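Inspection log for the structure reproduced underneath, given as structure tokens.
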Amino acid sequence: MIAVIQPGRTAGSPVQIPGSKSLSHRALIAAALSQGDTKIRGLVENNDTKATMNCLVHLGASFEHTEDGLLIHGIGTGLSYDGSRIDCGESGSTLRFLIPLFSLTDQEVCFTGHGKLMSRPQTVYEELFRKQGLRFEQDAEFLRIRGSLRPDAFVVRGDISSQFISGLLTALPLLNGASSITVLPPYESRSYVGLTMDVLENAGIRFKETGDTILVPGNQHYHCAASLQVEGDDSQGAFFAVLAMTSQLPVSVSGMRKESRQGDHVIVSLIEQAGGHSIPTDTGYRFEPGAVTAFAADLADCPDLGPVLFALAGCAEGTSVFTHCGRLRIKESDRIAAMKEELAKLGIALQEDGDTVRITGSETIRGGVTLDGHNDHRIVMALSVLAVRAENAVAITGAEAVNKSYPDFFEDLRKAGAEVSYGPE
């Protein structure tokens, strides 16, 4: 699908962002492992969370849509794997959260996926499994495991992905003995581990955190509340916060919780640093524009903001500097290379030096070009909010990639006053 974005926008309606994808994954897993039924409200249903639901069905959970949410029929203490191939779609969260959990079935499990998923590194798990003498094999199409993880003192690198830590935190409480997870510095994306612990603690799971070590008692059981509410996704709200800056018109965003522990909530302060204003409202924030100035951002705890912050930097006066960007190279695309290529088409220079990215903004954004979405939802959305500032219309190919996390993105972009149409392939 090709999305065509016209320059400029009108003052549109407030935007209600979808529920947090990160929290939706975690809530689905906690509810599926609980005894009895749990209703989740505000859950985002996109390709990634649907993949998690489909995988959990193979452990015995079931799901029922109701008028006001999703009802999960949990499996309690009995993991009943049906032997099916586990298709994780393109969701790295699904794969990494569920590998340790499926290992507890002590059966051979074959995971598969699409896009770049099966080529994304799983070295952390590979080393942990092999240390315990368990099978762990990965190739370009499949990942196979066999054997149950045992209680242990696990040591995990903190500079690859917090999803490995979250996957262990989900499974280790179900073992028959205590374990620990020590995270080696630099401990990046700590906020995502905090989100996991919040969800699991609300489901009755106990941990003890001492510095960079988490102690996990065994023989625990999940007990989710009868009803859960998923807060809005700040990483999605960021696109509309930046839209206010690129279009120079205010945008009101509902669903962003002021007390959120999401690492991506830093967008609120980054907008201020870039010359705008983030004004709390009863339902979220109103983002008001100002002259866009260069800013600095450390992406260690908010890597998902990388593409949209690069877009914001593209129209800032001066050179913006981003540090700890390395993990952007191993997402759905190499997000540094993808944004460098596409920003160049718009007349914006991106320079990379190891984990550091520098972007010198341009007062004039070229239009009349066709950009490549690189099969990456965040690349497509970041380019879309920058395109409203271009001199002429901008076309973006592969725009359907937004279905991975935000299927209604272009409809919400229209609500916010942008002019969006769809062109032929």
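Structure notes:
- Boolean, Arg358 is charged (D, E, K, R), modelled with pLDDT under 95, closer than 26 Å to Ser162 by Cα and in contact with a Ser or Thr (Cβ under 8 Å, 6 or more places away or on another chain): no
- From Pro100, Pro7, Pro18, residue being more than 19 Å from the chain's Cα centre (by Cα), open to solvent by less than 50 Å² (accessible area, probe 1.4 Å) and not small (Gly, Ala, Ser): Pro100
- The residue list Val193, Val199, Val183 contains one member that is more than 21 Å from Ser148 (Cα to Cα), out of contact with any Cys (no Cβ under 7 Å at 6 or more places or on another chain), in a strand (DSSP E or B) and open to solvent by less than 40 Å² (accessible area, probe 1.4 Å), which is Val183.
- Against the list (1) at pLDDT 95 or above; (2) surrounded by fewer than 17 Cβ atoms within 10 Å (Cβ to Cβ); (3) more than 22 Å from Leu371 (Cβ to Cβ); (4) not β-branched (Val, Ile, Thr), the condition Glu341 fails is (3).
- Complete set of residues in region 103-121 that are assigned to a loop (DSSP other than H, G, I, E, B), open to solvent by less than 40 Å² (accessible area, probe 1.4 Å) and touching a residue at least 60 places away in the same chain (Cβ under 8 Å): Leu104, Arg120
- Odd one out for Glu64 among (1) within 30 Å of Asp412 (Cα to Cα); (2) in contact (Cβ under 8 Å) with a residue 40 or more places away in the chain: (2)
Here's the yes/no breakdown for (1) surrounded by fewer than 16 Cβ atoms within 10 Å (Cβ to Cβ); (2) under 28 Å from Gln16 (Cβ atoms); (3) in contact with an Asp or Glu (Cβ under 7 Å, 6 or more places away or on another chain):
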{"position": "Phe322", "(1), (2), (3)": "no, no, no"}
{"position": "Arg329", "(1), (2), (3)": "yes, no, no"}
{"position": "Gly347", "(1), (2), (3)": "no, no, no"}
{"position": "Asn375", "(1), (2), (3)": "no, yes, yes"}
{"position": "Lys404", "(1), (2), (3)": "no, yes, yes"}
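- Scanning region 67-79 for residues that are over 30 Å from His377 (Cβ atoms) and either under 22 Å from the mean Cα position of the chain (by Cα) or without any contact (Cβ under 8 Å) to a residue 24 or more places away in the chain (or both) turns up just one, Gly78.
- For Val57: the one exception among (1) touching a residue at least 24 places away in the same chain (Cβ under 8 Å); (2) in contact with a strand residue (DSSP E or B) (Cβ under 9 Å, 6 or more places away or on another chain): (1)
- Residue check for Phe129: under 27 Å from Leu23 (Cα atoms), touching a residue at least 12 places away in the same chain (Cβ under 8 Å), crowded, with 17+ Cβ neighbours inside 10 Å and out of contact with any Phe, Trp or Tyr (no Cβ under 9 Å at 6 or more places or on another chain): no
The values are calculated or read from the model by the stated rules, or taken from the named source; none is laboratory data. In this text the structure is predicted, and so the values were computed from the model without any measurement. Because the Cβ atoms are built from the backbone with ideal geometry, glycine has one as well, and the counts that use them run over all protein chains shown. Ligands, DNA and RNA are excluded from the accessible area calculation, which covers all protein heavy atoms including side chains. Shrake-Rupley method; radii C 1.70, N 1.55, O 1.52, S 1.80 Å.
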